[in-house]
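The values are calculated or read from the model by the stated rules, or taken from the named source; none is laboratory data. Computed from a prediction, not measured in an experiment: that's the story for all the values here. Neighbour counts are summed over all protein chains in view; Cβ atoms, including those assigned to glycine, are modelled from backbone coordinates with ideal geometry. Areas reflect the complete protein model, heavy atoms only, side chains present, ligands, DNA and RNA absent. Shrake-Rupley method; radii C 1.70, N 1.55, O 1.52, S 1.80 Å.
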Amino acid sequence: MEISSTSANHVYDKDFDPKKYLEMFYTVDTKGQAMDKESVFLLTFMKNVFSSGRVEGNSLIEFGAGPTIHFTLSACENFKQIYLTDYLEGNLKEIEKWIKGDKDAYDWSKYLKYVCDIEKHRSTEKEKAEKIRRKVSLMKCDVTKSNPLEPNSLPLTDCVIIAGCLTCACKNTEEFKTALKNVVSLIRPGGHLIINDYLGASYYLVGKAKFQVLSLDENIVREAVSESGCEIQEFMTFTDFVIPEEVFNCKNSFCLLAQKH
């Protein structure tokens with residue numbers, strides 16, 4: 001649900017509250033210490049991808065990181081440099097607070113503990129946090145541009161993660177396909193693409209603010225990935241949502257791994 005785009009989404013600049021977003025969608029049950037089922041699905045998918053040894057290299061770029069770091073929790077073990085990018089400066093500032101250890105930064109300790117547990121303690125929680133803080137750089141992005149990092153540029157990267165931003169950035173299927181091609185252009189041949197996004201959704205709430213998203217189906221996603229020059233290697237869906245429909249009317253979420261030709 002993070003945003004990474006376009007002047008048409010100026011509503012994000014005005015109404016998106018990173019702190020409320022984190023509270024609504026990333027709060028862990030403090031009594032039972034239970035991780036929500038969607039996070040278990042996502043973090044397990046990421047752990048399996050990065051522990052396989054197939055996806056690694058010098059650099060990784062995440063588009064639409066929002067105010068979160070959870071996609072880096074396993075990736076930090078496999079890359080020397082990680083670029084977290086987002087359209088909204090406020091989201092990047094939230095991540096920066098955590099990197100600097102500010103008192104009012106969001107507490108990711110339960111996510112760190114969970115990932116360390118499922119990775120069989122490849123790193124301690126403290127070691128993993130230090131790796132992320134050392135390796136992460138923050139950067140603005142706009143996936144509607146042919147160079148989504150404009151005015152910056154980077155060497156072709158080994159891996160790109162697109163974290164739920166294209167459905168927020170794009171108003172129709174053609175825009176979705178174009179934005180995906182823009183992002184894939186930054187991956188080296190043989191590099192990897194990871195997408196986590198939502199199927200069948202049209203809106204979500206952050207506090208009282210309502211944000212529109214592009215409703216996709218699996219066939220459109222598969223077609224767009226193929227047209228971008230990548231071959232899908234894994235595609236997994238999640239259906240067991242507990243988020244109330246009035247907050248987020250999503251039917252399914254998915255994670256995919258693809259490789260660029």
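In the set (1) surrounded by 20 or more Cβ atoms within 10 Å (Cβ to Cβ); (2) of a type outside the set (Ser, Thr, Tyr); (3) under 30 Å from Ala224 (Cα atoms); (4) touching a Leu at 6+ places or on another chain (Cβ under 7 Å), the condition left unmet by Met139 is number (1). Checking each residue in the range 225-261 for being at pLDDT 95 or above, in contact with a helix residue (DSSP H, G or I) (Cβ under 7 Å, 6 or more places away or on another chain) and open to solvent by 60 Å² or more (accessible area, probe 1.4 Å) picks out Glu227, Met236.
For the range 206-261, a residue qualifies if it is among the hydrophobic types (A, V, I, L, M, F, W, C), part of a strand (DSSP E or B) and in contact with a strand residue (DSSP E or B) (Cβ under 7 Å, 6 or more places away or on another chain), and the qualifying residues are Phe211, Cys230, Ile232, Phe235, Met236, Phe238, Phe248, Phe254, Cys255, Leu256, Leu257, Ala258. Within the range 1-25, the set of residues being modelled with pLDDT under 55, out of contact with any strand residue (DSSP E or B) (no Cβ under 6 Å at 6 or more places or on another chain), buried (at least 20 other Cβ atoms within 10 Å of the Cβ) and hydroxyl-bearing (Ser, Thr, Tyr) comprises Ser5 only.
Within the range 197-215, the residues that satisfy the criterion of being under 21 Å from Phe45 (Cα atoms) and crowded, with 21+ Cβ neighbours inside 10 Å are Asp197, Tyr198.
Among the residues making up the range 59-83, those that are within 22 Å of Val143 (Cβ to Cβ), part of a strand (DSSP E or B) and either open to solvent by 40 Å² or more (accessible area, probe 1.4 Å) or touching a helix residue (DSSP H, G or I) at 6+ places or on another chain (Cβ under 6 Å) (or both) are Leu60, Phe63, Gln81, Ile82, Tyr83.
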